[in-house]
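A short worksheet on the structure shown next.
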Amino acid sequence: MKLMVIGGGGREHAIIKKLKENPAVTEIYALPGNGGIAADATCVDIGAKDIPAQVEFAKANGIDYAVVAPDDPLALGAVDALTSAGIPCFGPDAKAAVIESSKAFSKDLMKKYGIPTAAYATFTDAGSAEEYLDSCNAPIVVKADGLALGKGVIIAQTIEEAKGAVRSMMEDKVFGASGDKIVIEEFLTGPEVSVLSFTDGETLVPMVSSMDHKRSGDGDTGLNTGGMGTIAPNPYYTEEVAARCMEEIFLPTIRAMKAEGRPFKGCLYFGLMLTTEGPKVIEYNCRFGDPETQVVLPLLESDLLTVMRSTTNGTLAETEVKFSDGAACCVVLASKGYPTAYEKGFPITMTAEAAAHTYVAGAARKDGRLVTNGGRVLGVTATAATLPAAIQEAYRLAEGVTFENAYCRRDIGQKALAALEG
Ligand code: AMP
Ligand code: GLY
């Protein structure tokens, strides 16, 4: 079988490495992929948002199945276009992807169907938003409606700061059209859990839970990033919490999407906060998370391609989806200065052992060498029988990777370990 994976980050590298485990897979193309993915797939210079070129490439190259991994092409209708062209693919169509690409849509959906989430109000003009803020207490959360590279969420510590966020989104347009509409919501507290799930629109199968580490510095200090590391499973996500999430959140969400005429197929990501009142939805993503995928897929024991195709065909209920009982840890090595300014172009060296456990995100090939080409350069993932062992092994493997100006958080998984020791 010939496969095509759209995207070019660490998540896509993890998906490609897992898909390759199926012996029926003869060829994988990555559009556009990256310098590290090139070791595992044929990279094709077609951008993740260039849907017409993707369709043309798939038809010209006899692609049997496509995986659309990032949010942008999903929101822009890559799955719709490929499906119309006769290429079966993994991921939601544009109508269903709106669950991520419009926060106002997802908040209204949760309200209508009684799915627990933070109380909120939606605004399309700055004046009314500021007036509303006068009736609120800080801290308060201001969110741009549309996609904003994970940066469209401001946790304001004062009402003045919240008003500033409203003005920068709605008047200064720092997120472009994504800030034409905003959501103001209640600030929630509690441990955060990421749960990715497979769904064919009827059946939903949660994957092993995980925990992201979004801030750039140890002890959750510094700026928000795309994610500096992950662990799985998340110890806060007990069987009791899982059962409650299934009843109160996961099943109601897929039923709601179906009832709205937007059946969701693919990977639905639940960003949850475990509050004293119970689990609540912080956000939905219409795709695999990055870097959650880098710890979740290594623990998948079933064949990924079979499971993916069952979500497309509507046969997930009859398909085995099995995860190992072990644990995984991914430590991201970033360029010093990320998430703001950083230098690129430094050669990367890796031991063979480290390379075998690495998912490359921001690296290019130059004169036959792998060089840094992004903020998050790569993630090193280890799996082990227990979480402490996985964390120790991930940091040991990370020692085998060197490039100038590299930095990583030293405390990935420590919060989870503290919870385990409880
Ligand atoms: P997002 O970019 O949507 O993943 O949000 C980034 C982070 O902001 C989340 O992981 C949470 O830590 C935090 N966050 C978002 N919404 C809320 C909320 N209502 N209350 C508290 N924290 C929030
Ligand atoms: N790691 C969070 C995300 O993929 O949005």
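The values are calculated or read from the model by the stated rules, or taken from the named source; none is laboratory data. Since this is a predicted model, take the numbers as computed values, not measurements. Note that each Cβ is placed from the backbone with ideal geometry, even for glycine, and that neighbours are counted across all protein chains shown. Ligands, DNA and RNA are excluded from the accessible area calculation, which covers all protein heavy atoms including side chains. Shrake-Rupley method; radii C 1.70, N 1.55, O 1.52, S 1.80 Å.
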Taking the condition of a type outside the set (Ser, Thr, Tyr) and over 25 Å from VAL208 (Cα atoms), does ALA356 pass?
no
Right, GLY8: open to solvent by 10 Å² or more (accessible area, probe 1.4 Å) and either within 27 Å of ALA148 (Cβ to Cβ) or within 16 Å of ligand 1 (Cβ to nearest atom) (or both) or not?
yes
Residue satisfying all of: in segment 265-296; of a type in the set (A, V, I, L, M, F, W, C) and part of a strand (DSSP E or B); farthest from ligand 2 (Cβ to nearest atom) among these
LEU274
In segment 290-313, which residues are open to solvent by 40 Å² or more (accessible area, probe 1.4 Å) and touching an Asp or Glu at 6+ places or on another chain (Cβ under 8 Å)?
ASP303, ASN313
Of these, GLY127, GLY86, which one is assigned to a helix (DSSP H, G or I), away from ligand 2 (no atom under 16 Å from the Cβ) and surrounded by fewer than 17 Cβ atoms within 10 Å (Cβ to Cβ)?
GLY127
Taking segment 178-231, which residues are among the β-branched types (Val, Ile, Thr), within 12 Å of ligand 1 (Cβ to nearest atom) and either more than 20 Å from the chain's Cα centre (by Cα) or more than 24 Å from ARG409 (Cα to Cα) (or both)?
VAL183, ILE184, THR189
Does THR340 satisfy being at pLDDT below 95, closer than 26 Å to GLN414 by Cα and out of contact with any Phe, Trp or Tyr (no Cβ under 6 Å at 6 or more places or on another chain)?
yes
Keeping to segment 223-258, report how many residues are of a type in the set (A, V, I, L, M, F, W, C), over 23 Å from PHE323 (Cα atoms) and touching a helix residue (DSSP H, G or I) at 6+ places or on another chain (Cβ under 8 Å).
2
How many residues, within segment 358-411, are open to solvent by 50 Å² or more (accessible area, probe 1.4 Å) and in contact with a Phe, Trp or Tyr (Cβ under 6 Å, 6 or more places away or on another chain)?
1
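Conditions tested, residue by residue: (1) open to solvent by less than 30 Å² (accessible area, probe 1.4 Å); (2) in a helix (DSSP H, G or I).
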{"site": "LYS49", "(1), (2)": "no, no"}
{"site": "ILE99", "(1), (2)": "yes, yes"}
{"site": "ALA104", "(1), (2)": "yes, yes"}
{"site": "LYS111", "(1), (2)": "no, yes"}
Do we have any residue at all in segment 156-179 that's among the small types (Gly, Ala, Ser), in contact with a Phe, Trp or Tyr (Cβ under 6 Å, 6 or more places away or on another chain) and open to solvent by less than 40 Å² (accessible area, probe 1.4 Å)?
no
Criterion (within 16 Å of ligand 2 (Cβ to nearest atom), open to solvent by 20 Å² or more (accessible area, probe 1.4 Å) and at pLDDT 95 or above) met by exactly one of PRO235, PRO191:
PRO191
